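Shown next, in structure tokens, is the structure this report addresses.
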Amino acid sequence: MSSPSPKKQDKEEQKQKAVKAGEGKKGQGKEDGGSGGGGEHGAAVKKPTTKAERRALQEAQRKAKEERLAAQGKGTAKQTTSTSGGGAKRSQASKGGEGGAKLEGKPLEVPRPTRQRNSSSSTSVTTDDHRPNKSSKSSKKATEQQVETGRRVKQLQLFSHLQQYSKAPSSPTLPWHSVSTYTSIHPAIIKLGLHYSHGVICGSNSRCVAMLAAFKKVINDYTTPVQKELRRDLDAHIRPFINFLTHCRPLSVSMGNAIKYLKREISKIGPDQSESEAKRLLCATIDEYLELYIVKAGTEISKLCQNIIKDNDVILVYAFSSVVQRVLLDAHCSGRQFRVIVVDSRPKMEGRHMLRTLVQKGVKCSYVLINAVSYIMKEVSKVIVGAHSLLANGYVMSRIGTSQVALVARSFNVPVLVCCETYKFSDRVQTDSIVNNELGDPNDLVQINRRQGNFLTGWKDIPCLGLLNLVYVITMRP
Amino acid sequence: MRTIRNRLCTAGMASGMAVAEKGRSDLGKEVEEKLHEFITYLKQKNPHSSYDVAKRTVLLLREVCSKTRWYSARDLITNIRAAGKKLIAAQPSESAVGNMVRRVLKIVREEHASCVAGSVDEVDVRALLQGRDDSDDLSRQTPHLKGSVIEIINDLLGELELSASNISSQAPDHIHSSEVLMTTGYSKTVEAFLKAAARKRKIEVIVAESAPFYRGQELAKNLAVAGVETIVVTDSAVFAIMSRVNKVIIGTHTVMADGSLKAINGSYALCLAAKRHSVPVLVCAALFKLSPQYPCSYDHDTFNKIVSPHDILRFSEGQLVSKVHVQNPVFDHVPPDLITLFVSNIGGNAPSYVYRLISELYHPDDQEL
């Protein structure tokens, strides 16, 4: 490789200076790197560079970066909370080393995508010594996302251990997953994953039911490969599907429990059973599970609640729960006279769905947003809510906002009832809502349907602003 | 020596009309015009900034003092009461109007007392001990009353203008480094407070967006543009995130006489969550928001203002809207036991001290205008 010419060295120094200046300014590294790169582009146009010269420049840059990182040493790798000069150190992501390298790669990355892809991958190999280089695209994407949030407001780092939100694109041309991954996943599962990701199928019960229906299709289309047993291979066959679904949207506890049940049933299949027989058996157990643990459970809960709902009751419900809807409709059909207050919250506004169904059946309803809960609570006689899961220490994991409704209800001495099927019970214990939660799309907070427009349209350009969209909350015992 | 006019004044509502009419004729054309202009402004449905309303009220009352004809403190009080009644009737939910009217009335009484007897304290104690009737004193002619009243009203205006900066200058006393603060809604006082704190301390602010008016989003944007690290969360996430918050700082529309708040929708749930997690709640409110009225019943219907449900359920969903009762209250009542501290322009006070502030700022005779 030819040594870099003096003119190239000048340009390289200029570029380094531009990069350093870019990193010095918080959050403006991109622009400065871009301007530095743009300047060089202009210079490059004047004197056409050969391939060898370009490679030499790249090598020099890589060496310079290594030197810089070696000088910083373990500093970027450790989890630091202080922001001391340089955009690189600003990344407070827990996976510091890789994140640091990626962030430094970022100002260089933007103007020269073709070149820098090599340098960034090489630096991640060289600097990232104490962490095995994860080659799976998903974890790399997760790290990038963590760096994204890390560059934003510090408090959002409270949630950097959770899977960051990434919406599956509607067109398969975007490289969200490699094409090969797409082709190996059953189309029913892809459809399901996209439904989850776009919020078409929402709610613990519906997600579980849809997932089991999709798995039935998968089982029916499955053919045991030669020299393999169904009960061993089917498990491995399903695993990538479950990973795919988790990437689309983290699994709910109901789905997790259903999958555990399915795997248990698969392992129970005798080695001498024919394939068609085994498949039929599996589909039958899935149907049985659905019938017993979801449908019949709902019926039983509804029966129990019939005695609880009395005439002239005012019942408050929060957002949407299929169980609670069932309870209310059955009570209405059996002739009880009561009225319902539906409390709704942003951004999902699921309460409207509940409201529509109730109004269609003729139930008297009121509708408020969660902020007005203290205003209407004086009229309420009971609060009935659904749950996403019941934890082993008795805490309830449910839609965000439930705990607030429960808190206000308690201050007005209104009883709060939680309806939850047993298949949603979980072995986990949790004491706060941050250690395990789901992050929704922060862009959902921007759209506010005001005539005068949204306040937060350009929120990504403001470095000090962050948006947080939590999905679940833990409701504790008082 | 009681005059007929005095007896009429102390009689009650029946004579009120006669007195008011006398008051109206004394207000003069110029002042009447300004009064009508202000009443039109108050009647508009746009939410008014309490500070603007308070300032305009005081300016108007200064006009009443300087440009109307009055011969004694009793006359002046009548004039101010007449103007004040009209203003309050125009927009009853705007308590700043009534507060400022009562402040000015107290100023007039105090100045009259000091003009007559030299020192205010002396007169009060003597009057209390001897059970002397005040109404006698008020009809006495005092030559320098006009000048001193106008001077004190100017002081009041100055206090109003400086109230936000006085409150924000106390910010570093309450906020330590690396704190996470939480707020909701949009209060200009709180915005100034947080910006002042951010200048001296490293803080992070979490703002609840406060649907359906989304004032919280506006505040968050302003803070972020000014360089304060801000996160916007939905109102439903308040309890979830409260365990990581160090202090809650809210503004309020009014501070009632028992120390409770008439604050923006959602404040009650926020303060409850704060109490549950043992997070102190600081209320930044200037003294002009302090009202001598008690919340008459915890039945919010008389206390609250309900506005159009369009923000909650659009009229375009006609099927639904016609069958459903939608409520959109503006205010929330927060009881005094959920509040840790009131930060006002004269310093920090506990909610239990509010009664004392009221006795200093307002006169009990002015309770009923």
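The values are calculated or read from the model by the stated rules, or taken from the named source; none is laboratory data. Please read all numbers here as calculations on a predicted model, not as lab measurements. Counting neighbours? That spans all protein chains shown, and the Cβs are built from the backbone with ideal geometry, glycine included. SASA here: full protein model, heavy atoms, side chains in, ligands and nucleic acids out. Shrake-Rupley method; radii C 1.70, N 1.55, O 1.52, S 1.80 Å.
Screening the range B:323-369 for residues that are open to solvent by less than 20 Å² (accessible area, probe 1.4 Å) and among the hydroxyl-bearing types (S, T, Y) and picking the one that is farthest from the other protein chains (Cβ to nearest Cβ) gives B:Y362.
With respect to (1) within 11 Å of another protein chain (Cβ to nearest Cβ); (2) more than 30 Å from B:A224 (Cα to Cα); (3) not hydroxyl-bearing (S, T, Y), the lone exception for A:V396 is condition (1).
Can you find, within the range B:186-208, the residue that is farthest from B:P329 (Cα to Cα) among those that are out of contact with any Gly (no Cβ under 6 Å at 6 or more places or on another chain) and crowded, with 24+ Cβ neighbours inside 10 Å? I'd like the intermediate steps shown before the answer.
At the first step, the residues of the range B:186-208 found to be out of contact with any Gly (no Cβ under 6 Å at 6 or more places or on another chain) are B:186, B:188, B:191-206.
Adding the requirement that they be crowded, with 24+ Cβ neighbours inside 10 Å leaves B:193-194, B:197, B:205-206.
Numbers: B:F193: 27, B:L194: 27, B:A197: 32, B:V205: 26, B:I206: 24 Å.
Per the criteria, the residue is B:A197.
Scanning the range B:138-155 for residues that are under 26 Å from the mean Cα position of the chain (by Cα) and free of Cβ contacts under 8 Å to residues at least 60 places away in the same chain, we see that the one that is nearest to B:L105 (Cα to Cα) is B:I152.
Taken over the range A:442-458, residues that are open to solvent by less than 20 Å² (accessible area, probe 1.4 Å) and more than 7 Å from chain B (Cβ to nearest Cβ) amount to 1. Looking only at the range A:335-386, filter to residues that are touching a residue at least 60 places away in the same chain (Cβ under 8 Å) and in a loop (DSSP other than H, G, I, E, B); which one of those is farthest from A:N312 (Cα to Cα)? Out of the qualifying residues, it is A:P347. Can we say B:I206 is in a strand (DSSP E or B), in contact with a helix residue (DSSP H, G or I) (Cβ under 9 Å, 6 or more places away or on another chain), more than 9 Å from chain A (Cβ to nearest Cβ) and more than 30 Å from B:K323 (Cβ to Cβ)? It is false that B:I206 is in a strand (DSSP E or B), in contact with a helix residue (DSSP H, G or I) (Cβ under 9 Å, 6 or more places away or on another chain), more than 9 Å from chain A (Cβ to nearest Cβ) and more than 30 Å from B:K323 (Cβ to Cβ). One residue stands out among those in the range B:128-148 that are in a helix (DSSP H, G or I) and farther than 16 Å from B:H363 by Cα: the one that is modelled with the lowest pLDDT, which is B:D136.
Counting only residues that are surrounded by 12 or more Cβ atoms within 10 Å (Cβ to Cβ) and either closer than 21 Å to A:I189 by Cα or of a type in the set (V, I, T) (or both), the range A:256-277 holds 10 of them.
When each of A:I259, A:I286, A:I269 is tested for being outside any helix (DSSP H, G or I) and of a type in the set (V, I, T), the lone residue that passes is A:I269. Inspection of the range A:212-222 finds a residue satisfying the criterion of being open to solvent by 60 Å² or more (accessible area, probe 1.4 Å), not charged (D, E, K, R), not assigned by TED's automatic domain parsing to the domain that holds A:D441 and not in a loop (DSSP other than H, G, I, E, B). For the range B:338-369, residues that are assigned to a loop (DSSP other than H, G, I, E, B) and closer than 18 Å to B:I250 by Cα total 5. The numbered conditions (1) among the polar types (S, T, N, Q); (2) more than 9 Å from every other protein chain (Cβ to nearest Cβ); (3) farther than 23 Å from A:G199 by Cβ are all true for A:S389 except (3).
Is it fair to say A:G401 is at positive phi and open to solvent by less than 10 Å² (accessible area, probe 1.4 Å)? Please lay out each step first, then the result.
Values: at positive phi: yes; open to solvent by less than 10 Å² (accessible area, probe 1.4 Å): yes.
Against the criterion (at positive phi and open to solvent by less than 10 Å² (accessible area, probe 1.4 Å)), A:G401 qualifies.
Looking at A:L445, A:L468, just one residue is under 30 Å from A:N393 (Cβ atoms) and either among the hydroxyl-bearing types (S, T, Y) or assigned by TED's automatic domain parsing to the domain that holds A:A319 (or both), and that residue is A:L468.
Per-residue answers, yes or no, for (1) at pLDDT below 95; (2) surrounded by fewer than 17 Cβ atoms within 10 Å (Cβ to Cβ):
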position: A:V317; (1), (2): no, no
position: A:L328; (1), (2): no, no
position: A:G335; (1), (2): yes, yes
position: A:R346; (1), (2): yes, no
position: A:E350; (1), (2): yes, no
position: A:Q360; (1), (2): yes, yes
position: A:K378; (1), (2): yes, yes
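Kindly provide the set of residues from the range B:224-234 that are open to solvent by 10 Å² or more (accessible area, probe 1.4 Å) and within 7 Å of chain A (Cβ to nearest Cβ), ordered by number. Residues satisfying the conditions are B:V225, B:G227, B:E229. Within the range B:264-280, at least one residue is facing chain A (nearest Cβ under 10 Å) and of a type in the set (F, W, Y).
Here is a yes/no grid of residues against (1) among the β-branched types (V, I, T); (2) surrounded by fewer than 19 Cβ atoms within 10 Å (Cβ to Cβ); (3) closer than 16 Å to B:P335 by Cα:
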residue	(1), (2), (3)
B:V245	yes, no, no
B:V248	yes, no, yes
B:V255	yes, no, yes
B:N265	no, no, yes
B:L287	no, no, no
B:P295	no, no, yes
B:I306	yes, yes, no
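Of all the helices (runs of 4 or more DSSP H) wholly in the range B:1-59, which have at least 3 residues that are at pLDDT below 85 and out of contact with any Lys or Arg (no Cβ under 9 Å at 6 or more places or on another chain)? I'd like the intermediate steps shown before the answer.
Working: elements: B:4-11, B:13-27, B:29-43.
Helices (runs of 4 or more DSSP H) meeting the threshold: B:4-11, B:13-27.
When A:T285 is tested against (1) in contact with an Asp or Glu (Cβ under 6 Å, 6 or more places away or on another chain); (2) outside the structural domain of A:T224 (by TED's automatic domain parsing), only condition (2) is not met. Within the range B:209-223, the set of residues being more than 8 Å from chain A (Cβ to nearest Cβ), open to solvent by 10 Å² or more (accessible area, probe 1.4 Å) and assigned to a helix (DSSP H, G or I) comprises B:R215, B:N222. Consider the range B:311-322 and keep the residues that are out of contact with any Pro (no Cβ under 6 Å at 6 or more places or on another chain) and facing another protein chain (nearest Cβ under 10 Å). The one that is surrounded by the fewest Cβ atoms within 10 Å (Cβ to Cβ) is B:S322.
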